[in-house]
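The values are calculated or read from the model by the stated rules, or taken from the named source; none is laboratory data. Bear in mind the structure is a predicted one, so any value in this text is a computation, not a measurement. Reconstructed Cβ throughout: ideal geometry from the backbone, glycine too, with neighbour counts over all protein chains shown. These accessible areas exclude ligands, DNA and RNA; they are computed on the full protein's heavy atoms, side chains included. Shrake-Rupley method; radii C 1.70, N 1.55, O 1.52, S 1.80 Å.
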Amino acid sequence: MRRTTLYLLALLLAFPLLAQRKDKKNNDNSLDPIERKVKTAKAFEGFYNFYWDNKKGAIFLEIDRLKEEFLYVGSLPAGVGSNDIGLDRGQLGPQRVVQFERHGDKILMVENNYDYRAITDNTAEQKAVEDAFAKSVIWGFEIVAEAKGKFLVDASKFLLQDVHGVASRLARANQGSYSLDASKSAVYMPMTKNFPNNCEFEVTLTFSGKPKGGYIRSVTPTASLVTVRQRHSFIKLPDSNYTPRKYDPRSGYIPTSYYDYATPIYSPIKRQFILRHRLEKQDPTAKVSEAIDPIVYYLDPGTPEPIRSALLEGASWWNQAYEAIGYKDAFQVKLLPEDADPMDARYNVINWVHRSTRGWSYGSSIRDPRTGEIIKGHVSLGSLRVRQDYLIASGLIASFKNGNMESKEAMEMALARLRQLSAHEVGHTIGLLHNFAASTNDRASVMDYPHPLIKMRGNGSIDLSNAYATGIGEWDKIAIAYGYQDYPDNVDEEKALATIIEDYIKDGYRYISDSDARAKGGAHPSAHLWDNGKSAVDELTRIMRIREFVLANFDESKIQEGMPMATIEEILVPMFMLHRYQVEAAVKTIGGLNYSYAIKGDDQIVTEMIPAQTQLDALEELLATISPSALTLPEELIKKIPPRPVGFSRSRETFANRTGVTFDPLTAAENAAQLTLGLLFNAQRANRLVELPARNAEQPSLSKVIDLTLDQTLKALPIPEGLAGETSRMVGKLSIKNIMALVMNKNASEQAKAVAMLKLSETAEWLDEKLPKERNENQKAHFMYLKSQIKTFLDNPEDIDIPETLNPPAGSPIGSDLQCGN
């Protein structure tokens, strides 16, 4: 009885306290203005607290720190799926250093201008630079509540903007005029999260418009409504303990730069540093030490096997380079945990990205614009590229004889390529540029673009066992040493870094990057994309022999059982164009220049002309690629390619044609011939063929190159019979067309145009002489047509509508800027 009485008494005493708590919760007067505003919203505590009001579909952001810089990054977690449009899943967007500032009843998000600085202790000097250059106000937020030095703003409109520029990208790609449809857009809460050092806001955005192009129609269920997801990330900037490393143009690194107006007048105003991750040894004095914080990359768990294992292995090769500079397990590759978000700034990731057509793979990063420190490495690998590699391997070997539905050898080559691709793209995200001269140093770098090394066995079969190199190359180890070697305090770092470069020069390694290696306008004889061997010309000779063997033995064993015979063409295309990249390499020898990124006193070659005979040898091999024997397909093979059946229409992977539904062997030949001739008569190359012999009479001239080309094409008589003869006439016309195009090219120098005009005039005279003597009707028609075209062109070039040349099917959707891969 006593126990019951005590229980009742305790209950009566507790009741007023419970009531008071309930009253306080329901009484808005006991809450501050921010608490009242968000009392029914879901709280997300973290870097910046925010609140989700489900009824209003609104995000309220609590700003408790003014004028504190952080990194604001936009991205595209769910994309459009078209390589041609270029809006991929996982694509990173703008990166800005911003801060919040209060101005009256507004909070402004202000982007600071780090391109112009004054690195000095003089605050007045710093202020002078700051005020000299514009900042950017990214957004203005209205304050909806304020309490205790904190400000609450409605961030919904800010988040529901097209920060990634989807509408403008669609317009630039000629896919239509689109605008953001707010009625079909909303905050995407499943991926909106908060962490101590980063806030992640994700939104679903729908763009309404009138579709114009085929690309957008091919990848959307309703082309007038394009729905994607965009991400806004607020990221805490790294602390000040990172030390930027000086950029050297010979180092192989991606530079970041700014202008420092506090530098002495005798020093460069532009300061440059390399992009790299922060990596420090636990014991800098130890020969081998673990890292304080290792670099860890995570692979997309949506990657299937056996691709998954290949990508994990290839990316992990980089640990070899870090081991070489005394780190233990400093670079690691793991599978992304199931509950992790690949767009989360805390994870370096390798994404497996799907598109409707094969396309680029690339490595990008989130970095601190103030210092160049990489915060997040972000790799995107196009999933269809491996299928193209498998197709190429299938064309090289008899893959599907005896009813086989798959080829182990082709799969092994495709996976070997994926390992290299994974390592290559990760290389960009740890700071490295391409090294397109590495192929001349026995495949010294995964940062080159590798063409499969195809060999012939003694029995006449194709050998793909060493198609791609395995592991990190020697150049890669040199580059990692420059960027990541950890030095004790008693070591002169600048001197040590200079020694790394001096040693690689002495050892014969070369580094040449992007623009210098491109076929159009490029001039370096050793830096090429998708080439092999020390000599581009020798390798062209070798690859043409392999191509001849492959085409002579090409039949239906290249396609699977049950596939339409017409699909032989998809595999024939890369075999017929097997030499395309080696042509691009060899042509740069003509009118080329050997050089390096030399610095005063480093004993590298500054510039030197290429020997005349080397250039003439290159021209001879290039002209061999457009001979009738090289361009004419075997009749037995042509018979095996019927018109396309329903469901297997022509695509970008097949040759264009001029014969309607039938396979057109002459157009295929034209594709290959135009590749060589278009590169040979490139305007910049023609200009150099005028300049170089003016400086050194031994150098081949544009006049000589044109003469030799016409001697081997138009003037090569007698021509063969049959299809080879028609191929010869096609190449003759194409040669004249390219010389005319050079005359009309706005980038060609006046003298290059003058030489080309002279050669056309001389050719007209040659035709005048040959035409009366010609008895073959087809050849006579050929000469008469060219004579008429040339004379009309010489009288008034604008009167000639130079027929459009055909370009071969896409070979390398591989990369277009400094951080694009392959």
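List the residues of region 140-169 whose backbone N lies under 17 Å from a point placed 7 Å from the Cα of ALA134 along the Cα-to-Cβ direction.
140, by backbone N distance to the label point.
Measure off 7 Å from each Cα along the Cα-to-Cβ vector at ALA324 and SER224, then give the distance between these two points in nanometres to one decimal.
Rounded to a tenth, the inter-label distance reads 5.9 nm.
In region 92-126, whose amide N lies under 20 Å from the spot 7 Å out along Cα-to-Cβ of LYS193? List them in ranges.
Counting only backbone N, you get 92-93.
Say the cut-off is 26 Å between C-alpha atoms; which of LYS281/LYS334; LYS408/LYS477; LYS150/LYS236 go over it?
From LYS281/LYS334; LYS408/LYS477; LYS150/LYS236, over 26 Å: LYS408/LYS477.
Mind checking the angle between helix 123-132 and the chain's longest principal axis? C-alpha axes, 0 to 90 degrees, to the nearest 10.
Helix 123-132 sits at roughly 60 degrees to that axis.
Identify, among VAL137, LEU205, PHE195, the residue whose Cα sits farthest towards the positive end of the charge dipole of region 136-254, taking +1 on the Cβ of Lys and Arg and -1 on the Cβ of Asp and Glu, with the dipole about the Cα centre.
In region 136-254, that residue is LEU205.
Apply the a/c threshold of 1.5 to the C-alpha gyration tensor of the chain and tell me whether it is rounded, prolate or oblate.
In terms of gyration-tensor shape, prolate.
If you roll a 1.4 Å probe over the heavy atoms of the protein chains, what accessible area per residue do you get for the chain, in Å²?
45
What spacing in nm lies between the two simple spin-label points modelled at SER183 and LYS210, each 7 Å away from Cα in the Cβ direction?
Result for the modelled spin labels: 1.9 nm.
Express in nm, to one decimal, how much length is gained between GLU635 and GLU691 on full extension, taking 0.36 nm for each residue of separation and deducting their alpha carbon distance.
Stretched fully, the GLU635-GLU691 segment lengthens by 15.6 nm.
Angle, helix 385-396 long axis vs. longest principal axis of the chain, Cα atoms, 0 to 90°, nearest 10?
30
Run the numbers for ILE269 and SER240: contour at 0.36 nm per residue of separation, minus the present Cα-Cα distance, in nm.
Between ILE269 and SER240, full extension yields 8.2 nm more.
Label region 115-193 by shape, choosing from rounded, prolate and oblate, from the square roots a ≥ b ≥ c of the eigenvalues of the Cα gyration tensor; if a/c is under 1.5 it is rounded, and otherwise prolate applies when a/b is larger than b/c, oblate when it is not.
Here region 115-193 falls in the oblate category.
³J(HN,Hα) across region 411-418 via Karplus (A = 6.51, B = -1.76, C = 1.60, θ = phi - 60°), whole Hz, x for Gly/Pro?
Running phi through 6.51 cos²θ - 1.76 cosθ + 1.60 with θ = phi - 60° gives 5, 4, 5, 5, 6, 4, 5, 5 Hz.
Given a Förster distance of 25 angstrom, what is the FRET efficiency for LYS791 paired with ASP707, based on the Cβ-Cβ distance and rounded to 0.05?
The pair LYS791/ASP707 has a calculated efficiency of 0.80.
Quick check: pseudo-label points 7 Å beyond the Cα along Cα→Cβ at HIS354 and LYS408, how many nm apart are they?
Output for this residue pair reads 3.0 nm.
Ordered by packing density, taken as the mean number of other Cβ atoms within 10 Å over each peptide's residues, highest first, how do 419-427, 329-337 rank?
419-427, 329-337
If you stretched the chain out fully between ASN459 and LYS770, how much longer would it get, using 0.36 nm times the residue separation minus the C-alpha to C-alpha distance?
That works out to 107.2 nm of additional length.
Would you mind getting me the FRET efficiency between LYS495 and GLU698? Use the beta-carbon distance for r and R0 = 35 Å, nearest 0.05.
Using R0 = 35 Å, I get an efficiency of 0.25.
Let me have the relative contact order for region 386-495, percent, based on Cα pairs under 8 Å that are six or more residues apart.
With pairs under 8 Å counted, the relative contact order is 22 percent.
To the nearest 10 degrees, how steep is helix 750-770 against the longest Cα principal axis of the chain, on a 0 to 90 scale?
Its long axis makes an angle of about 30 degrees.
Pull out a ≥ b ≥ c, the square roots of the eigenvalues of the alpha-carbon gyration tensor of region 194-283, then state rounded if a/c is under 1.5, prolate if not and a/b is larger than b/c, and oblate in the remaining case.
Here region 194-283 falls in the prolate category.
Pairs of Cα atoms under 8 Å, at least six residues apart: use those to get the relative contact order of the chain, whole percent.
Relative contact order of the chain: 9 percent.
Would you mind getting me the FRET efficiency between MET565 and ALA286? Use the beta-carbon distance for r and R0 = 60 Å, nearest 0.05.
With R0 = 60 Å, the Cβ-Cβ based efficiency is 0.40.
Can you give me the long-range amide H partners of HIS277? Hydrogens built in the peptide plane at 1.01 Å from N, cutoff under 5 Å, separation of 5 or more residues or another chain.
Counting only residues 5 or more places away or on other chains, the set is ILE374.
For a label point 7 angstrom out from the Cα of GLN613 toward its Cβ, which stretches of region 494-538 have the backbone nitrogen within less than 19 Å?
535-538
Using the Karplus curve 6.51 cos²θ - 1.76 cosθ + 1.60 with θ = phi - 60°, work out ³J(HN,Hα) for each residue of region 520-535 in order, rounded to whole Hz, and write x for Gly and Pro.
7, x, x, 10, 7, x, 10, 10, 9, 9, 6, 10, 9, x, 5, 10
Amide H to amide H, which residues 5 or more places from GLN332 or on other chains are under 5 Å from it, using H placed in the peptide plane?
ILE295, VAL296, TYR297
Compute the relative contact order of region 227-360 as a whole-number percentage, counting only Cα pairs closer than 8 Å that sit 6 or more residues apart in sequence.
Relative CO of region 227-360 lands at 21 percent.
I'd like the Karplus ³J(HN,Hα) series for region 441-452: coefficients 6.51, -1.76, 1.60, θ = phi - 60°, whole numbers in Hz, and an x wherever there's a Gly or Pro.
Each residue's phi maps through the Karplus curve to give 10, 6, 6, 7, 8, 6, 8, 8, 9, x, 7, x Hz.
At 1.4 Å probe size, with the rest of the protein present, what percent of the exposed accessible area of the chain is carbon and sulfur atoms?
Of the solvent-accessible surface of the chain, carbon and sulfur hold 50 percent.
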